[in-house]
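Take a look at the structure set out below.
The values are calculated or read from the model by the stated rules, or taken from the named source; none is laboratory data. Here the structure is a predicted model, which means the values were calculated and not measured. For neighbour counting, all protein chains shown are included, and Cβ atoms are generated from backbone atoms with ideal geometry for every residue, glycine included.
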Amino acid sequence: MLTRVTRHWLPFTQMDAFDAPARTFVRGQGNYLEDARGGRVFDAVSSIWTTIHGHGHPHIVEAIARQAATLDHATSLGATNPPADELAERLSALTGTDAAFFASDGASAVEAALKMALQYWQHAGEPGRTRFVRLAGSYHGDTAAAMSVSDIAVFKARFGAVTFATYAYDDAGEAIAGDDVAAVIVEPLVQAAAGIRLVAPERYEALRGMRPLLIVDEIATGFGRTGTMFAHEQLPVRPDLLCVGKGITGGALALSAVLARAPVFEAFLGAPAQLKQFFHGHSYAGNPIACAAALASLDLFERESTLAHVASLVPRLAARLERLRPHPRVRDARHAGLMAAVELDGPAAWDVANGLYDRGYFTRPIGDAIQFVPPLSTTPAEIDGFFEALEAELSA
Ligand SMILES: Cc1ncc(COP(=O)(O)O)c(C=O)c1O
């Protein structure tokens with residue numbers, strides 16, 4: 001018989017040490033979360049890279065309410081709906097892709113993209129292309145195929161029984177040339193789960209014009225976080241498949257998508273008897289409420305000039321990181337757009353994060369790195385406030 005405060009079993013959390021009263025969020029408003037004890041904290045991780053325009057933005061809340069009252073859900077297996085159609089149209093126009101396949105969480109989009117690549121090569125007459133190449137230090141989610149193309153031991157070491165071998169792109173550049181390679185999957189510019197690790201743009205150059213498909217995973221980096229709408233806009237690559245998730249709904253609801261270019265989409269066309277349709281699907285794919293939230297979020301990018309706002313904040317963030325770099329407890333301070341990390345010298349990151357919480361700033365460390373990935377609606381004063389709190393905490 002469990003005697004715990006909560007039966008909610010949390011991901012990546014030791015429940016034996018979990019202090020439920022201290023970490024129960026009851027309200028989200030703008031860039032702040034409120035906890036059950038009445039504390040109000042700045043959401044300095046955008047609730048793990050999801051929140052874009054702040055919590056509870058009225059335009060997104062209204063869109064969700066309106067759509068819920070009109071059509072809450074209808075299956076996408078053999079049917080479509082207006083918000084999903086419109087979102088597919090707008091995402092295609094934004095990214096220069098031609099078709100949007102919807103899933104739910106980020107990992108389910110990665111799973112779909114990998115399977116799409118496999119089935120694509122079967123239709124394209126090269127069924128031997130069944131292997132995947134990934135970056136060192138990659139992370140693409142926690143489902144079996146997503147784990148297989150991930151490279152962070154602590155996340156996948158226990159699950160070898162359900163994962164398959166993949167090639168590391170960094171270690172063997174020639175791996176791309178193998179005639180058994182179906183796709184290369186990369187996080188563009190930033191490897192978020194590796195600790196907001198930056199990848200040099202030149203590293204992507206070899207991916208241009210290659211025979212395998214290029215899957216670009218923008219689940220963490222998409223929707224403005226790195227300064228451009230999508231991080232790969234800053235790189236010399238053209239994705240065949242683009243995975244988006246997390247911030248797609250502004251951070252309000254689960255939704256993800258694989259955006260495909262015409263040659264991939266068209267390889268799946270044919271007479272019904274040929275059975276060339278994509279053999280993959282999720283119950284809530286193309287959920288109208290989630291799609292309405294995503295459309296509202298895209299509206300806000302235009303109405304609130306979100307990318308211009310981000311551009312105005314980035315120099316401030318860069319200056320704060322620069323100022324912190326000489327601190328004796330800081331090993332590295334880095335950022336791409338509004339995705340930043342301060343790597344500490346020594347394993348005190350959790351103590352620092354807990355201290356920051358008490359000072360009104362909620363973040364979650366990755367290894368020794370304190371991450372600062374605020375909502376794009378953050379203000380210069382909030383950036384200053386976070387770094388002042390961090391400086392005070394590091395000197396405490
Ligand atoms: C680059 C990348 N891909 C995929 C995922 C998995 O997304 P989700 O947690 O929504 O399944 C993440 C999550 O952090 C991510 O950073």
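Points worth noting:
- Considering the range 156-189, the residues that are crowded, with 17+ Cβ neighbours inside 10 Å and under 25 Å from residue 369 (Cα atoms) include one that is nearest to the ligand (Cβ to nearest atom), namely 187.
- Leading residue by the ranking (modelled with the highest pLDDT) among those in the range 181-238 that are small (Gly, Ala, Ser) and assigned to a helix (DSSP H, G or I): 231
- In summary, residue 260 fulfils each of the numbered conditions (1) within 15 Å of the ligand (Cβ to nearest atom); (2) under 29 Å from residue 177 (Cβ atoms); (3) buried (at least 24 other Cβ atoms within 10 Å of the Cβ) with the single exception of condition (1).
- Some residue of the range 104-125 being in a strand (DSSP E or B), within 12 Å of the ligand (Cβ to nearest atom) and of a type outside the set (Lys, Arg): no
- Test: residue in the range 97-110 that is among the hydrophobic types (A, V, I, L, M, F, W, C) and modelled with pLDDT under 95: no
- The single condition among (1) part of a strand (DSSP E or B); (2) in contact with a Phe, Trp or Tyr (Cβ under 7 Å, 6 or more places away or on another chain) that residue 278 does not satisfy is (1).
- When we screen 27, 23, 7, 40 for residues that are under 26 Å from residue 196 (Cβ atoms) and without any contact (Cβ under 8 Å) to a residue 60 or more places away in the chain, the only hit is 23.
- Filter result for the condition that a residue is touching a residue at least 40 places away in the same chain (Cβ under 8 Å), buried (at least 19 other Cβ atoms within 10 Å of the Cβ) and part of a strand (DSSP E or B), over 253, 242: 242
- Against the conditions (1) charged (D, E, K, R); (2) touching a helix residue (DSSP H, G or I) at 6+ places or on another chain (Cβ under 8 Å); (3) touching a residue at least 24 places away in the same chain (Cβ under 8 Å); (4) over 20 Å from residue 279 (Cβ atoms), residue 134 satisfies every one except (2).
- Annotation: of all residues in the range 77-100 being within 20 Å of residue 264 (Cα to Cα) and not in a helix (DSSP H, G or I), the one that is farthest from the chain's Cα centre (by Cα) is 78.
- Residues of the range 340-366 that are surrounded by 15 or more Cβ atoms within 10 Å (Cβ to Cβ) and among the small types (Gly, Ala, Ser): 340, 341, 348, 349, 353, 355, 360.
- Looking across 153, 192, 146, one residue alone is under 21 Å from residue 364 (Cα atoms), of a type in the set (Gly, Ala, Ser) and within 10 Å of the ligand (Cβ to nearest atom). It is 192.
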